[in-house]
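**Q** Here it is: the structure, laid out below.
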Amino acid sequence: MNRRPLLRMGAAALLCSTLAACEYLGILRPNVLAQLDPEMAVVLNELPNLDAPNEALIGRLYATGGAMRASVGADGIMRSRIRVPKDEYLWYPAILILPRGGTLEIDITNEDHRPHAMFAPSNGSRQLLQLPAQTRGVVRVTLDEPGLYWFGCPVANHAPRGMLGFVFVKGEVPPGARLDRPRQPQPGGRRPPRAHQH
């Protein structure tokens, strides 16, 4: 009796049951893949790369609105567009990725019937752009240093309901400014406890 076909069938059944148990396989369904618009594809492709500088910090971000890489104009100014969808407390995209530090111009469209505003970082200070219902505005900020910066809607309780976003400025962070920097000397000569490696 030839056992090869039986072994192949058994291996195929084992593989199918293993894959069926894997929750990530559900992502490969056509109806799920159809929901991956360009902004969500940027999140899926970019966040693993952004994750490296500070040990999983970026990967924990609230990324419901997706991400967008800012384009760099001939004038050196980086530009991006954001919209606030109707009846949602959400920036779309919610994460802006800059290739380097510099000036960023954000063109924002408020498609909602509620007023919103953007409270955005700019080299240690903040810019405020009012966005009345169904209007459009532009805010220009400067972010010279690599790092992670947040922006939000300061109107009523909009930020806690999801209107928070992030600007990730790529570039080499000086070793002393990294969150995963080595143990630092403590006042009084005490040595800090060793961090456990996982």
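**Q** Cβ contacts < 9 Å: first residue in a strand (DSSP E or B), restricted to the range 151-169; second residue surrounded by fewer than 22 Cβ atoms within 10 Å (Cβ to Cβ) and basic (Lys, Arg), any location; separation 6+ or different chain. Result?
**A** Sorted first by the residue in the range 151-169, then by its partner, the pairs are Phe151/Arg126; Val169/Arg100.
**Q** With the requirement that a residue be under 17 Å from the mean Cα position of the chain (by Cα), surrounded by fewer than 21 Cβ atoms within 10 Å (Cβ to Cβ) and assigned to a strand (DSSP E or B), what does the range 83-135 give you?
**A** Arg83, Tyr92, Pro121
**Q** With respect to Glu111, is the statement that it is among the acidic types (Asp, Glu), under 15 Å from Gly65 (Cα atoms) and modelled with pLDDT of 90 or more true?
**A** yes
**Q** Determine, yes or no, whether Thr64 is at pLDDT below 95, among the polar types (S, T, N, Q) and not in a helix (DSSP H, G or I).
**A** Yes; evaluated as a whole, the condition is true for this residue.
The values are calculated or read from the model by the stated rules, or taken from the named source; none is laboratory data. Predicted, not measured: the structure shown is a model, and the values here were computed from it. All Cβ positions, glycine included, derive from the backbone under ideal geometry; neighbour counts span all protein chains shown.
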